[in-house]
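Quick notes on the structure that follows.
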Amino acid sequence: MRIRRAEEVQGSGFDIALIGGVNFSLPGVTGSIVVETPFGVVRAYPFDVHGRKGVMISRHADGQKHLPPHMINYRAIVWAVAELGIERVISVNSVGTMQGHPIGSFVLPDDVLDMTRSRESTFHNDRTIHVDMTEPYCPRLRECLRDTLVKKELGFADGGVYVCTEGPRFETRAEIRMLSNFGDVVGMTGMPELVLARELNLCYASICTVTNNACGLGDGKITASEVVRTLQERQESLLEALLSFIERLPEKRDCNCMYATDIDACL
Ligand SMILES: [Zn+2]
């Protein structure tokens with residue numbers, strides 16, 4: 001496997017970054033790029049789908065190790081995306097449902113509730129930057145994902161509040177009773193990835209696979225093997241959707257994500 005450094009590939013016209021979760025991989029990926037960031041090194045895997053170029057980054061990967069959600073280096077990953085000149089990100093997540101979504105269906109969240117507590121969640125510890133979160137997920141990327149899922153006749157929910165918990169444990173029944181009043185699905189990796197992307201004025205949207213009912217809402221306890229089994233079963237459909245999405249991706253972005261951080265207003 002040939003490894004290229006980031007400076008070799010800048011300006012090579014990557015359209016999109018896919019940040020993948022557990023068990024996520026793309027077929028036909030050859031070689032990798034090592035991107036050095038102020039927060040650590042990230043390995044990105046370039047791909048070419050129907051002439052559209054992108055990179056895939058596995059957020060849990062650290063050499064041979066599998067990082068738990070609270071130990072993922074979110075800042076390095078998002079910085080690496082921007083370092084490669086990429087403006088648009090699709091995040092692949094798995095979630096538990098608090099609202100009875102069918103297991104194996106997809107959810108395109110349109111808002112987020114951040115219940116994490118120990119993660120580095122900003123690039124700006126040295127100055128005050130208030131990033132706008134009125135429309136946290138890019139409406140254009142969401143629209144394109146939605147059209148793709150409709151065309152592919154894959155079951156999905158358009159919209160919903162993604163609640164991000166700290167993990168790595170699953171939630172308690174009491175927590176889910178509370179969170180279900182405010183949110184639709186619950187996962188552990190959506191934040192601070194999303195807000196970091198907005199701090200760099202990137203477009204960001206998420207496609208979530210529903211792997212289980214949240215704690216207390218299904219039969220018995222939740223197991224990691226149940227989650228992985230559902231992901232494996234839905235992997236083919238997810239890939240089909242993503243490849244079709246990449247093909248339909250607009251040439252240029254025409255949304256307001258590029259203005260998410262108003263640098264002129266920094267304090
Ligand atoms: Zn956007």
Zone residues, the range 98-118, relative to Arg146, backbone N less than 16 Å from point 7 Å out along Cα-to-Cβ: 106-112
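Need the full-extension length gain, Tyr259 to His70, defined as separation in residues times 0.36 nm minus the C-alpha distance. One decimal, nm.
Computed gain between Tyr259 and His70 is 65.2 nm.
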Residue of Val41, Val55, Val22 that the Gaussian network model of the chain assigns the largest fluctuation, springs spanning Cα pairs under 10 Å: Val41
Net charge, Thr37 excluded, C-beta distance under 10 Å - Lys, Arg +1, Asp, Glu -1: -1
Choice from Ser244, Ser225, Ser121 with maximal GNM fluctuation in the chain (Cα, 10 Å cutoff): Ser225
Estimated 222 nm signal from helices in the chain, with DSSP H stretches of n ≥ 4 weighted -39500 (n - 2.57), rounded to 500: -7500 deg cm²/dmol
Filtered GluC sites (Glu not before Pro), the range 127-208: DSSP coil and at most 12 other beta carbons within 10 Å: Glu153
The range 76-122: trypsin sites (Lys or Arg not before Pro) falling in loop per DSSP and having at most 16 other Cβ within 10 Å: Arg117
The chain, relative contact order [Cα under 8 Å, separation at least 6], %: 24
Fluctuation leader among Ala44, Ala61, Ala214 - the chain, Gaussian network, Cα springs under 10 angstrom: Ala61
Cβ-based exposure ranking for Val185, Val228, in which fewest neighbours within 10 Å come first: Val228, Val185
Fewest-first ranking of Tyr45, Tyr259, Tyr74, using other Cβ atoms within 10 Å as the exposure measure: Tyr259, Tyr45, Tyr74
Low-density loop cleavage sites - chymotrypsin sites (Phe, Trp or Tyr not before Pro) in the range 134-209, where at most 15 other Cβ are within 10 Å (DSSP): Phe182
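Can you quote the Å³ per residue value for the convex hull of the Cα atoms in the chain, rounded to an integer?
129
Every read-out reported here was derived from the displayed coordinates using simple, explicitly stated rules and does not represent laboratory data. This one's a predicted model, so the numbers in the text were calculated from it and none came from an experiment. Counting neighbours? That spans all protein chains shown, and the Cβs are built from the backbone with ideal geometry, glycine included.
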